[in-house]
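Asks: So that we are looking at the same thing, I have put the structure below in structure tokens.
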Ligand code: WTA
């Protein structure tokens with residue numbers, strides 16, 4: 001294990017000037033009532049969250065708002081039954097039948113934008129659900145792995161699963177077949193749903209071969225996949241490179257012919273049954289399957305979509321994230337559809353074929369709510385200074401999520417993308433939390449560039465030091481960001497690993513493991529943060545071995561293990577390096593086994609191994625083959641020192657190391 005960097009340091013931050021929500025925005029907002037914070041006061045906890053649940057249709061109303069008997073596995077809206085697909089699709093038919101539910105924007109600009117109405121979505125989801133149930137034999141509680149890119153077939157498949165109570169586990173399409181296999185194995189999926197190909201930077205890239213790799217690798221791990229269901233980017237045409245495996249692979253388009261017009265009764269699910277798994281990186285090698293619930297999760301994201309994203313049925317909402325991440329699950333699919341929104345799915349990269357693309361899409365579709373990450377904002381800013389001002393799009397609301405945003409970049413987003421007329425929310429949350437935790441309420445609170453804002457109504461953040469002592473707001477000291485109370489959107493557990501769930505998020509600050517009082521179980525997020533005297537939370541970054549590359553979470557161990565699959569490599573250490581556009585990128589240091597010689601070819605092979613095993617997003621910025629790693633006397637690799645070298649910072653005192661001389665040698669190698 002790497003020696004941890006000290007988590008506590010004094011922070012001297014410039015206090016940023018506040019911006020106020022535009023009056024036009026306030027005039028139409030779903031929530032303008034400042035007393036909302038009182039309604040969600042701790043005295044009203046947990047009953048205040050009834051407001052969230054009441055946004056949904058329930059088949060059976062729930063009797064217990066929060067059951068803490070199995071703390072810290074919280075159960076929300078116990079006794080209630082509902083169906084998520086009914087809530088996102090069926091119930092909107094009466095009023096919004098002919099309204100666009102999903103706009104699909106293909107990456108190729110000359111390809112037609114598809115508009116899927118709620119009626120059409122209903123039909124397609126039902127036919128898909130019929131295939132999953134009657135052809136694939138899936139039933140409530142089964143897990144199915146999805147490895148789907150950004151096309152409408154992804155939400156259609158998710159909703160079809162939800163209709164049946166089948167637990168979906170979508171793996172980001174950029175992940176490798178091997179990464180997909182690990183998730184198939186962990187979730188024990190017997191069915192894999194994929195697509196033949198999709199567009200990325202103007203090229204139709206093969207995707208099906210990843211399914212073949214995944215099935216083979218999962219099989220070796222002991223998990224057999226019986227059926228691979230393949231959507232086609234162009235229905236009827238197969239664009240994969242690998243041939244079809246007879247008796248295992250089936251084209252959805254062919255199956256659909258048999259299930260045309262099928263209707264499938266939504267399965268009424270207990271609120272506490274899982275809706276989906278979302279794997280995310282943690283400090284140890286294996287990704288964690290975060291289990292998200294049916295009732296609590298949907299109630300939470302519906303409320304956030306209505307009041308924080310301010311989605312009205314007449315709005316056109318575009319979240320540029322990938323549905324393969326939690327942001328896409330909560331804020332492209334489930335939240336916006338639960339509130340009868342129109343949600344945009346864009347297939348490709350924002351700057352294809354040029355950085356004006358997002359603003360042309362926004363113009364053409366009349367997008368008025370826009371949602372993206374600091375990495376995308378930095379990229380667009382770098383690529384074309386005041387380009388957005390040359391387009392006629394008009395946003396009322398914009399979101400930033402996934403990484404800290406520099407105040408300068410925030411101001412560009414506000415002034416240039418939003419033309420000074422859109423309210424901005426900086427939403428802090430995680431895969432584990434299901435929905436936002438910290439953000440301003442857009443029509444109620446001022447905005448402060450670089451700060452996420454206070455805890456949302458009903459969410460009580462606190463910063464604790466290592467001993468569990470509270471650091472007071474305004475003290476200018478950083479510590480571990482925690483949430484005092486449970487909330488309905490929070491994960492229920494880690495799939496098949498309750499122990500790891502408790503250990504990772506709760507043990508650090510729990511004093512009585514037998515307590516069933518939620519006050520004894522602060523949730524530890526794994527981020528360092530400072531809370532200002534106005535209660536605005538400023539996130540400084542992860543405190544564990546997790547890298548945040550362009551807003552994507554990657555475990556250091558996953559990357560290091562991938563490097564070690566190259567035979568010559570003896571040791572590997574990955575560190576995060578500041579990057580102008582992506583926020584941070586990984587640098588990889590490796591040492592070789594005795595007798596092995598460094599070469600450029602070897603460095604290239606190591607880099608390729610990382611992208612093959614984990615996925616392209618994990619590809620190191622640099623691979624440095626070093627003579628030895630800086631180590632403590634007890635043999636721990638000092639990643640902190642390597643990080644200082646990569647970031648061209650002072651390495652500090654190294655004399656206590658076992659091999660202090662190596663530090664200067666590595667510094668010269670890296671910095672020249
Ligand atoms: C980081 C993404 C600063 C944070 C929704 C967190 C942020 C991790 C913000 C979770 C924000 C997310 N400001 N940092 N507004 N939002 N993060 O699980 O370090 O992919 O712990 O969920 O992203 O990443 P994840």
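FYI, it's all coordinate maths here, none of it is from the lab. Since the structure is predicted, the reported quantities are computational estimates derived from the model, not experimental observations. Here the Cβ is made from the backbone with ideal geometry for all residues, glycine too, and neighbour counts use every protein chain on show.
Asks: Can you give me the C-alpha center-to-center distance between the stretch 261-318 and the stretch 610-645, rounded to a whole angstrom?
Replies: Using only Cα atoms, the two centres lie 36 Å from each other.
Asks: How would you classify the stretch 312-383 from its alpha-carbon gyration tensor, with a ≥ b ≥ c the square roots of the eigenvalues: rounded for a/c under 1.5, else prolate if a/b is greater than b/c, otherwise oblate?
Replies: Oblate, because a/c is 1.5 or more while a/b does not exceed b/c.
Asks: How high is the relative contact order of the stretch 408-509, in percent, counting Cα pairs under 8 Å that sit 6 or more residues apart?
Replies: Relative contact order of the stretch 408-509: 19 percent.
Asks: Here's something else I'd like to know. Between residue 312 and residue 470, what length in nm is gained on full extension when 0.36 nm per residue of separation is reduced by their alpha carbon distance?
Replies: Extra length from residue 312 to residue 470 when fully extended: 53.0 nm.
Asks: Further, regarding this structure: Translational D (Stokes-Einstein, µm²/s) of the chain at 10 °C and 1.306 mPa s when Rh comes from the Kirkwood sum over C-alpha pairs?
Replies: Translational D for this selection: 62 µm²/s.
Asks: Relative to the present Cα-Cα distance, how much length would full extension add between residue 97 and residue 599 at 0.36 nm per residue of separation?
Replies: 174.5 nm
Asks: Gain in length, residue 391 to residue 241, computed as 0.36 nm per residue apart minus the alpha-carbon separation, to one decimal in nm?
Replies: Computed gain between residue 391 and residue 241 is 50.1 nm.
Asks: Mean separation of Cα pairs under 8 Å and 6+ residues apart, divided by the residue count of the stretch 241-325: what relative contact order is that in percent?
Replies: Over the stretch 241-325, the number comes to 18 percent.
Asks: Which shape class applies to the stretch 452-561: rounded if a/c is under 1.5, otherwise prolate when a/b exceeds b/c and oblate if not, where a ≥ b ≥ c are the square roots of the Cα gyration tensor eigenvalues?
Replies: Because a/c hits 1.5 or more and a/b fails to exceed b/c, the stretch 452-561 counts as oblate.
Asks: Hey, how many Å between the Cα centroid of the stretch 133-181 and the Cα centroid of the stretch 96-122?
Replies: 21
Asks: In 10 Å bins starting at 0, how do the alpha-carbon pair distances of the stretch 419-471 split up by percent?
Replies: Going from the shortest bin to the longest, the percentages are 23, 43, 27, 6, 1.
Asks: By per-residue mean of other Cβ atoms within 10 Å, what is the highest-first order of 451-461, 556-566?
Replies: 451-461, 556-566
Asks: Oh, and also: How many percent of DSSP beta bridges within the chain run antiparallel, rounded to 5?
Replies: Expressed as a percentage, antiparallel bridges in the chain total about 60.
Asks: Please give, to one decimal in nm, the separation of the simple spin-label points placed at residue 664 and residue 14, each 7 Å out from Cα toward the Cβ.
Replies: Going by the 7 Å Cα→Cβ label model, 3.7 nm.
Asks: In the stretch 265-408, what % of DSSP beta bridges are antiparallel (nearest 5)?
Replies: 40
Asks: If you average the sequence gap of Cα pairs under 8 Å that are 6 or more apart and divide by the length of the chain, what percent do you get for the contact order?
Replies: Normalised by residue count, the contact order of the chain is 15 percent.
Asks: A further question follows. Okay, helix-only estimate at 222 nm for the chain: each DSSP H run of n ≥ 4 adds -39500 (n - 2.57), divide by all residues, round to 500 deg cm²/dmol; what do you get?
Replies: -7000 deg cm²/dmol
Asks: Sort the stretch 544-672 into rounded, prolate or oblate with this rule: let a ≥ b ≥ c be the square roots of the eigenvalues of the Cα gyration tensor; rounded if a/c is under 1.5, and if a/c is not under 1.5, prolate when a/b is larger than b/c, oblate otherwise.
Replies: Oblate shape, in that a/c is at least 1.5 and b/c is the bigger or equal ratio.
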